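The values are calculated or read from the model by the stated rules, or taken from the named source; none is laboratory data. Note that the structure is predicted; figures quoted are calculated from it, not measured. Please note: Cβ atoms are built from the backbone with ideal geometry, for glycine as well, and neighbour counts cover all protein chains shown. For the accessible areas, the whole protein counts, side chains as well, though only heavy atoms, and no ligand, DNA or RNA atoms are used. Shrake-Rupley method; radii C 1.70, N 1.55, O 1.52, S 1.80 Å.
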Amino acid sequence: MKVLVPVKRVVDANVKVRVKPDNSGVDLNNVKMAVNPFCEIAIEEAVRLKEAGSASEVIAVSVGAGNCQEQLRTCLALGADRAILVETDVDPQPLGIAKALAALQEKEGAELVIFGKQSIDGDNAQTGQMFAALTGMSQATFASEVKVGDGKLEVTREIDGGLQTLSIKLPAVVTTDLRLNEPRYASLPNIMKAKKKPLDVISPADLGVDLTPTVEVLSVEPPAEREAGIIVETVEELVDKLKNEAKVIS
Amino acid sequence: MDLSLTEEQELIVGNVRRFVREEIVPRELNLDPDADELPPDDKAALVDKTRAMGLYGLDIPVEYGGPDIDLVTRTLIAMEMSQHRAGLYAPCYGTFGGAGLAQLFEATEAQKEKYLYPTLRGEKRGFFGLTEPSGGSDPARAIQTRAVRDGGEWIINGGKIFISGADRAQYGLVFARTSPDKGRNGVTCFIVDTDTPGFKVQRVVHTLRSAHYATELTFTDMRVPHANILGAENRGFAIANDRLSRQRIPYAAGCIGVAIKAHEMALEYVPDRETFGAPLSTRQAVQWMLVDNEIDIRQARWLTLDAAHRAQQGLDFRKEAAMAKLVATEAASRVVDRCMQMFGGYGVTKDFPFERWYREMRIRRIGEGPSEVQRHIIARDLLGAGLR
């Protein structure tokens, strides 16, 4: 079973991001970048499937600027067999990425495509679903457990108040939730091997897709700052403030 | 000339950075601010992880089962491993293992069986006993501990001071004078079991460093077998000297890691901290402190990597290691001091790691040869025969 894992280059989750003064976006100057954590979980799941003998090949793919190669190398060090970068200068959006990946899937014919459920920068949680729609593949989103059966997958999803288990036919699309697995540290021998693994760079034109954005970002604002709290002397004072100032009780 | 890290180095360094952030720092928050050890279960669990990463026993040579990593990369790793509160003297709380006393790789097979292999397996600990009350940076003159041959044994009398970990060790390297009139050619290195009669840990020497304290040792008619000489009789000076040069590179790297972390914390803090109606980051006084930090860190980093690179190439690196040690310890001291200043009152509390770094960093300008000795080494190298 060939497994395709799309990954995204995002700001490292530990960086305290700041909005640019002109509100055009987040300041990425001198900021450490990383593999999107949900995508890292997707790579880990694919590598585990390979180690268990369920998957034959793991291919990491990214759509973005040339520096996404850094994140693809990380995926190779984590155990992916090869990588593909669809290189573009435009800042791609979910629909464009899904189209590029769908065109790539036509060539690769992977039986399983594992996405992170969302990226920690855009928080769209759309690309996997759009890809499934474009390719007509079955899908199970927000997976917390994946079991491979004969020509099908059993996928557990965390939903409000419990767990839902789906059985879907292969070829299929799965998007990963946080608790699916705990990604490993790349081992030194695998890091040394990563450089020798193939990393192909292709253009959107090679796939016949247009990545021109269809959504315009008007403004990016930081969340409102939390106001300082106060200490009240008595319960009466608390009730009074909740009623008349905060207006949360009546 | 390419000064950038290779992709492999980026990945290895990134791995260690993540390990410190996800495994070490969260556990450290639950420990005493002066702790130098993790609870045994935690440590064992983390050693499993560093083994899986293939990074356990970083400074153990490949032929003894260590990872195949060059000295430059190990230096880069050392700059990551110290980026936490206990990082200066207990980087990652020892979860990456270590070779212990590198000198033992030159030991006889019988000595390796008894001391080296148990150390690599984590069963024994050793100490390095060079410094005496009369000094440590000038072993040719300072060593007054005497060893006198008596048949198949040597009788050792004297003492050592500022010896780390001797009270927790099963053995140690003790440098003693075997030929009183021969200067540097009259010093011999002995491997001494700490249960040898006459060996005594006289006292713990309390210093600025509350963890990993030093000890004072006395030797009274301590009998050591001739077979316990490391290397050759009267050839101990080279062993001591080689260790002094080599040790300076990781020593510098540890300081730089702490400086990098302190600087990072300050960079994150000052845009949020408001005084007199504006963020600290808008004050030129603060901006210049940050600029000076950045420059201090960069110059120390490049000097240290240069020394590591030369040592890796097999070139002479004595002067470069001295410059790295000198600049890194002094630069990192300034960086920690400035960061403490920017954090104000919070900077001196035990809620933050600055106060521990500040205390421990002061030792670094003295330990492994004080700044003045480093300058002396560099001057001697520059002037050569012109020194007279």
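Structure values in brief
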item: Subset tally (residues that are out of contact with any Leu (no Cβ under 8 Å at 6 or more places or on another chain), open to solvent by 30 Å² or more (accessible area, probe 1.4 Å) and not in a loop (DSSP other than H, G, I, E, B)) for region A:108-131; result: 1
item: Filtered residue count, region B:218-231, keeping only those that are open to solvent by less than 50 Å² (accessible area, probe 1.4 Å) and not in a helix (DSSP H, G or I); result: 6
item: Any hit, region B:187-209, residues being open to solvent by less than 70 Å² (accessible area, probe 1.4 Å) and part of a helix (DSSP H, G or I); result: no
item: Residue satisfying condition, being among the charged types (D, E, K, R), free of Cβ contacts under 8 Å to residues at least 60 places away in the same chain and more than 11 Å from chain A (Cβ to nearest Cβ), within set B:E106, B:E80, B:E22, B:E63; result: B:E63
item: Every residue from region B:105-138 that is surrounded by fewer than 19 Cβ atoms within 10 Å (Cβ to Cβ), of a type in the set (S, T, Y) and in a helix (DSSP H, G or I); result: B:Y117
item: Hey, B:T75 of a type in the set (S, T, N, Q), away from chain A (no Cβ under 13 Å) and either under 24 Å from A:A194 (Cα atoms) or touching a residue at least 40 places away in the same chain (Cβ under 8 Å) (or both) or not; result: yes
item: Matching residues, region B:243-272, being open to solvent by 10 Å² or more (accessible area, probe 1.4 Å), within 14 Å of chain A (Cβ to nearest Cβ) and part of a helix (DSSP H, G or I); result: B:I260, B:K261, B:H263, B:E264, B:M265, B:L267, B:E268, B:Y269
item: Failed item, numbered, when A:K197 is tested on (1) in contact with a strand residue (DSSP E or B) (Cβ under 8 Å, 6 or more places away or on another chain); (2) away from chain B (no Cβ under 14 Å); result: (2)
item: Among the candidates B:R362, B:R356, B:R338, residue that is surrounded by fewer than 19 Cβ atoms within 10 Å (Cβ to Cβ) and either of a type in the set (D, E, K, R) or outside the structural domain of B:I249 (by TED's automatic domain parsing) (or both); result: B:R362
item: Residue ID - nearest to the other protein chains (Cβ to nearest Cβ), chosen from residues in region A:56-73 that are aliphatic (A, V, I, L, M) and open to solvent by less than 10 Å² (accessible area, probe 1.4 Å); result: A:L72
item: Test: residue in region B:261-272 that is of a type outside the set (A, V, I, L, M) and over 30 Å from B:W302 (Cα atoms); result: yes
item: Residue count, region A:74-94 (criterion: within 14 Å of chain B (Cβ to nearest Cβ) and out of contact with any strand residue (DSSP E or B) (no Cβ under 7 Å at 6 or more places or on another chain)); result: 2
item: The lone exception for B:V16 - which of (1) surrounded by fewer than 18 Cβ atoms within 10 Å (Cβ to Cβ); (2) within 23 Å of the chain's Cα centre (by Cα); (3) modelled with pLDDT of 90 or more it fails; result: (1)
item: Breaking point among (1) touching a residue at least 60 places away in the same chain (Cβ under 8 Å); (2) in a helix (DSSP H, G or I), for B:E10; result: (1)
item: Residues within region B:139-156 that are open to solvent by 60 Å² or more (accessible area, probe 1.4 Å) and modelled with pLDDT of 90 or more, tallied; result: 6
item: Selection within region A:179-222 - of a type in the set (D, E, K, R) and closer than 30 Å to B:V47 by Cα; result: A:R179, A:E182, A:R184, A:K193, A:K195, A:K196, A:K197
item: Wholly enclosed strands (runs of 3 or more DSSP E) of region A:144-250 bearing at least 1 residues open to solvent by 70 Å² or more (accessible area, probe 1.4 Å) and among the acidic types (D, E); result: A:152-159, A:199-202
item: Members of region B:25-39 that are within 12 Å of another protein chain (Cβ to nearest Cβ) and modelled with pLDDT under 95; result: none
item: Residue match in region B:277-294 (condition: over 25 Å from the mean Cα position of the chain (by Cα), of a type in the set (K, R) and either assigned to a strand (DSSP E or B) or within 14 Å of chain A (Cβ to nearest Cβ) (or both)); result: no
item: Residue in region B:3-11 that is among the hydroxyl-bearing types (S, T, Y), within 22 Å of the chain's Cα centre (by Cα) and more than 9 Å from chain A (Cβ to nearest Cβ) present; result: no
item: Residue satisfying all of: in region A:1-41; open to solvent by 40 Å² or more (accessible area, probe 1.4 Å) and small (G, A, S); farthest from the other protein chains (Cβ to nearest Cβ) among these; result: A:S24
item: Matching residues, region B:48-59, being of a type outside the set (S, T, Y) and within 13 Å of chain A (Cβ to nearest Cβ); result: B:D48, B:K49, B:R51, B:A52, B:M53, B:G54, B:L55, B:G57, B:L58
